[in-house]
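What follows is a set of notes on a single structure, which appears directly below.
The values are calculated or read from the model by the stated rules, or taken from the named source; none is laboratory data. Predicted model only: the values in this text are computed from it and were never measured. Here the Cβ positions follow ideal geometry from the backbone for every residue, glycine too, while neighbour counts run over all protein chains shown.
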């Protein structure tokens, strides 16, 4: 019964230990996963921050260039559109704009735009100029047939009027446009082995430019694709979008078509662009993931070793307890056997004593009969000692169950 109790206690203890270890493991997994998630977000924020900062510097440089060109334009006396075109050609050559895929661009009050090649047509992105902003920057896909261009326009404080044949044109905006491919070097990220994708979006999330040949987000509207992804760690696109509107940037991760991605959204400070940075999760904080995997393996191994040691110690204690009980039982049986032997010896001695007493009683009876016969014959000669003899015999009658005293009295009688 005790052994069964010990076994049940051992199995119960082992089960409790395993349950506690599993519970702690699951809790630690959840806690560690949250830590790793935030660590990966922080690492991605640090990496993308440098890239975004570099892009901001490039855009600032473009704005400085636009400001300089506007000042040159103010100081240059121009009367006709032909002079203006020649001026743009000469300025492009002096500034080496062609090699940098930069083109000077002007917009008149009617929405037509002009380059060194002449009047090019109506600017399709007139909606950007509706409120007459002082500065406007956007990405255009309509200035050329197969090239996306970033456009930087500054409103002329004093409109410039030029004669174009019999008509007059009034230039209201002046600036530059450059091929977006010139920014591809800034969109690459060595930390992720260039496995990232960068999209330039408008305010509504529509794609204006894809910096990579790989199309990770299929569809025209990136916001729509992101909103349909499966989010992890209790996040959502609504939360990310709210933070983007509030702080100008946000970071999150989600699953698309079975692949987990980390992404960042950044509203540029000096351009009306929103950048969407996307990278597969397997490339984010690789060393951190390896470290966590190693730590988890160590934890699992330690937990398994601890469980095995605990069960082994419990089994050893139970076995030791069983051996002690078995030894105690053997010792008890040995003592009982010795006691039985001793009891048998005592019984033998008691029987011998009874035999001796019976023999003594028979001897006493024979002596009594001889005495009676003798007294009957010699009573008249032995009156004097009779009193002593009668007293002794009286004592002997009272002490028949005491052989030793009977023997003593017999000695006296002799």
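So that you can scan it fast, the table gives a plain yes or no per residue for (1) under 30 Å from residue 282 (Cα atoms); (2) at pLDDT 90 or above; (3) crowded, with 17+ Cβ neighbours inside 10 Å:
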residue: 11; (1), (2), (3): no, no, no
residue: 21; (1), (2), (3): yes, no, yes
residue: 25; (1), (2), (3): yes, no, no
residue: 29; (1), (2), (3): yes, no, no
Unique match (being surrounded by 10 or more Cβ atoms within 10 Å (Cβ to Cβ) and either at pLDDT below 85 or within 30 Å of residue 32 (Cβ to Cβ) (or both)) among 309, 356: 309
Residues of the stretch 203-234 being crowded, with 17+ Cβ neighbours inside 10 Å and part of a loop (DSSP other than H, G, I, E, B), which ones? 205, 211, 216, 217, 229
Of all residues in the stretch 183-202, how many are assigned to a loop (DSSP other than H, G, I, E, B) and touching a strand residue (DSSP E or B) at 6+ places or on another chain (Cβ under 9 Å)? 5
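Can you find a residue in the stretch 40-48 that is closer than 30 Å to residue 89 by Cα, in a helix (DSSP H, G or I) and at pLDDT 85 or above?
Looking only at the stretch 40-48, we keep the residues that are closer than 30 Å to residue 89 by Cα, and these are none.
No, there is no match, as no residue in the stretch 40-48 is closer than 30 Å to residue 89 by Cα, in a helix (DSSP H, G or I) and at pLDDT 85 or above.
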State whether the residues of the stretch 148-159 include one that is within 30 Å of residue 278 (Cβ to Cβ) and either without any contact (Cβ under 8 Å) to a residue 24 or more places away in the chain or not in a strand (DSSP E or B) (or both). yes
Strands (runs of 3 or more DSSP E) wholly inside the stretch 83-147 that include at least 1 residues being in contact with a helix residue (DSSP H, G or I) (Cβ under 9 Å, 6 or more places away or on another chain) and at pLDDT below 90: 135-140
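Considering 267, 272, which residue is without any contact (Cβ under 8 Å) to a residue 24 or more places away in the chain and in contact with a helix residue (DSSP H, G or I) (Cβ under 8 Å, 6 or more places away or on another chain)?
Values: 272 fails: without any contact (Cβ under 8 Å) to a residue 24 or more places away in the chain.
Exactly one residue qualifies, and that residue is 267.
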Check on residue 329, under 30 Å from residue 407 (Cβ atoms), surrounded by 10 or more Cβ atoms within 10 Å (Cβ to Cβ), out of contact with any strand residue (DSSP E or B) (no Cβ under 8 Å at 6 or more places or on another chain) and modelled with pLDDT of 80 or more: no
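A quick yes/no check of all residues on (1) free of Cβ contacts under 8 Å to residues at least 12 places away in the same chain; (2) within 25 Å of residue 272 (Cβ to Cβ); (3) touching a strand residue (DSSP E or B) at 6+ places or on another chain (Cβ under 6 Å); (4) surrounded by 15 or more Cβ atoms within 10 Å (Cβ to Cβ):
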| position | (1), (2), (3), (4) |
| --- | --- |
| 84 | no, no, yes, yes |
| 93 | yes, no, no, no |
| 97 | no, yes, no, yes |
| 105 | no, yes, yes, yes |
Scan the stretch 71-82 residue by residue and report those that are in a helix (DSSP H, G or I), in contact (Cβ under 8 Å) with a residue 12 or more places away in the chain and surrounded by fewer than 19 Cβ atoms within 10 Å (Cβ to Cβ). 72, 74
